[in-house]
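Everything on this sheet refers to the single structure shown next.
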Amino acid sequence: MFEWLINLGGPAIMFIIITLLSMVFGVKFSKSLESGIRMAIALTGMTAVISLLTNALGPALKDFVKMSGVDLSVTDLGWAPLAVITWGSIYTLYFAFICTITNLVLLLFNKTKTLNVDLFNIWNISVLGLLIEYYAHNMVVTSIFVIGIYILILKNSDALKPSINHVLEYDEKNVTTTAHPSLLIAPFVLIVDKFITKFLPFIDKFDFNAETLNRKIGFWGSKFAIGVYLGVFIGILGQQPLKEVLVLGFTTGVVLELFAYIGGWFGSAIEPLSNRISDLMSSRLRGRKLYVGIDWPILASSAELWAVINLLAPILLVIAMILPGNNVLPLGGILLTILAPALLLITRGRVIRMTLIGTILIPLFLWAATMISEFLTNTSKSMGEFPSGLSKGQMFSSVDSDPIEKMLAILIGNAWDTLDIKLILISIVAIIAYISIFAWYFKAMKVKDQDIKS
């Protein structure tokens, strides 16, 4: 029965969850149904637009890399193959179960404020679980790792809520947040952000507000125009015919405008549930707050987010070509939507900082994609889900979320499997360092929020 539900796909799952959850909290049936439909439409629209852009950019990027003579043997196919592999595994149902129980227990003991209803994206956690199981062959170790990561995801959602309110101009009563696993990169974004504050504070003088700039320049600074610039640039880079350059420019232009437009749909979809939960928390639980965690596109209405994604796309491609230890040609993940949301929330929308920090952290995503390529290729073959269009001996991967966690999973898995004392010691040090960074991060975010309020 659960497998049947999952096979309906992300939008249908969220339609059911949002509709039922709204009814449970006392929202009228018609409004609950409307919220569910709005959420499904928003997710469908966002997925379709991302696919449109990645498919449009792919040929030009491939041609550019081919002409450069750089050997990038692993093809980045985006997040879809990962979702297929994870939801095709019975382990994912188990991971979904233990994560749901973990969430409810933390809520019961008031250790988190976030109720994560983004069930479909549990596949991001499942990737980590399947990865460590692939090397460790031990479900106890795998389960502990998955639960630990999921606790950090929920606590991180709590920590980022004030930043979400600030960026999206939500009031204090709003309960919408995101517990997307990609935001686990936020502590490492904050580390670089602190470094910039201490040693390069002058770069903020050159920062700009994307919306203000758009208004001042008019059409030439609009999302339409910025998209056209990016598309034409990549088309010329790949030495495409004039027709293809123009088509790519126009496609990218409309996609960027649609991104921000569709991003605004998520707020209206969750609003009836958000208002109802806020009322209940005030009247029955003495003002205790409960946040509802949904997918990251609630942030898609931010102009700064897409401005930085535009800037980072060609930077990602250039870094991929010169980075030692990278074998991945970034195609499906060229937009870096798995990094930009964390950049937006930590810097509170400062475009120059976002671009600089993103450039510094890009290698982590490429190295992680290279490291998991063997796991993804072999697992997809064993499951009979090897992507069509690839040659039999070709490897694929995905420039996707949680690069640090993927590296950690591989390290711990190998240490457990081999019982190599050196790997075990390195794993222990890595786990301590990882947890310490998050402990520092949670304290730093509280201080940051207090400073902004004061």
Single residue of the range 238-277 satisfying the filter (of a type in the set (Asp, Glu) and more than 30 Å from residue 114 (Cβ to Cβ)) that is modelled with the lowest pLDDT: 257
Of residues in the range 43-85 being touching a strand residue (DSSP E or B) at 6+ places or on another chain (Cβ under 8 Å) and among the hydrophobic types (A, V, I, L, M, F, W, C), the one farthest from residue 318 (Cα to Cα): 77
Selection status of residue 103, modelled with pLDDT of 80 or more, over 30 Å from residue 251 (Cα atoms) and part of a loop (DSSP other than H, G, I, E, B): no
Matching residues in the range 327-342 - criterion: being modelled with pLDDT of 90 or more and open to solvent by 10 Å² or more (accessible area, probe 1.4 Å): 327, 338
Qualifying residues in the range 419-436 (those that are out of contact with any Leu (no Cβ under 9 Å at 6 or more places or on another chain) and open to solvent by less than 80 Å² (accessible area, probe 1.4 Å)) - the one farthest from residue 188 (Cα to Cα): 420
Residue count for the range 360-377, restricted to those that are in contact with a strand residue (DSSP E or B) (Cβ under 8 Å, 6 or more places away or on another chain) and of a type in the set (A, V, I, L, M): 4
Wholly within the range 1-72, helices (runs of 4 or more DSSP H) carrying at least 3 residues that are at pLDDT 75 or above and of a type in the set (A, V, I, L, M): 10-24, 29-68
Number of positions in the range 278-296 that are assigned to a helix (DSSP H, G or I) and modelled with pLDDT of 80 or more: 1
Subset of the range 379-418 that is open to solvent by 30 Å² or more (accessible area, probe 1.4 Å), at pLDDT below 90 and among the polar types (S, T, N, Q) - its residue that is nearest to residue 329 (Cα to Cα): 394
Near pairs, Cβ below 7 angstrom, 6+ apart or cross-chain, from the range 287-301 (farther than 15 Å from residue 115 by Cα) to any residue that is open to solvent by 10 Å² or more (accessible area, probe 1.4 Å) and small (Gly, Ala, Ser): 298/267; 300/260; 301/260; 301/264
Filtered residues of the range 82-121 (kept if β-branched (Val, Ile, Thr) and either over 25 Å from residue 338 (Cβ atoms) or without any contact (Cβ under 8 Å) to a residue 24 or more places away in the chain (or both)): 90, 100, 101, 105
Count of the range 216-237 residues which are among the small types (Gly, Ala, Ser) and at pLDDT 80 or above: 2
Lone unmet requirement of (1) out of contact with any Ser or Thr (no Cβ under 8 Å at 6 or more places or on another chain); (2) farther than 29 Å from residue 119 by Cα; (3) in contact (Cβ under 8 Å) with a residue 60 or more places away in the chain for residue 321: (1)
Only listed residue being within 17 Å of the chain's Cα centre (by Cα), at pLDDT 90 or above, over 21 Å from residue 161 (Cα atoms) and not small (Gly, Ala, Ser), chosen from 366, 356, 376, 345: 366
Residue match in the range 53-61 (condition: in contact with an Asp or Glu (Cβ under 8 Å, 6 or more places away or on another chain), over 24 Å from residue 371 (Cα atoms) and open to solvent by less than 40 Å² (accessible area, probe 1.4 Å)): yes
Matching residues, the range 106-154, being open to solvent by less than 10 Å² (accessible area, probe 1.4 Å), within 16 Å of residue 404 (Cα to Cα) and among the aliphatic types (A, V, I, L, M): 125, 127, 128, 131, 132, 146, 149, 153
Subset of the range 414-445 [on the phi < 0 side of the Ramachandran plot and not in a helix (DSSP H, G or I)]: 420
Filter result for residue 165 (touching a Phe, Trp or Tyr at 6+ places or on another chain (Cβ under 9 Å), closer than 20 Å to residue 296 by Cβ and part of a helix (DSSP H, G or I)): no
Some residue of the range 78-97 being of a type in the set (Val, Ile, Thr) and out of contact with any helix residue (DSSP H, G or I) (no Cβ under 7 Å at 6 or more places or on another chain): yes
Qualifying residue in the range 122-136 (condition: more than 13 Å from residue 181 (Cα to Cα) and without any contact (Cβ under 8 Å) to a residue 12 or more places away in the chain): no
Every pair of residues 6+ apart whose Cβ atoms lie under 7 Å, when the first sits in the range 190-204 and is at pLDDT below 95 while the second is open to solvent by 70 Å² or more (accessible area, probe 1.4 Å) and not acidic (Asp, Glu): 204/350
Of residues in the range 82-97 being part of a helix (DSSP H, G or I) and open to solvent by 20 Å² or more (accessible area, probe 1.4 Å), the one modelled with the highest pLDDT: 94
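The values are calculated or read from the model by the stated rules, or taken from the named source; none is laboratory data. This structure is a prediction, so every number in the text was calculated from the model and none was measured. Every residue, glycine as well, gets a Cβ built from its backbone with ideal geometry; the counts of neighbours run over all protein chains shown. Remember, those area values only see protein heavy atoms, side chains included, never the ligands or the DNA or RNA. Shrake-Rupley method; radii C 1.70, N 1.55, O 1.52, S 1.80 Å.
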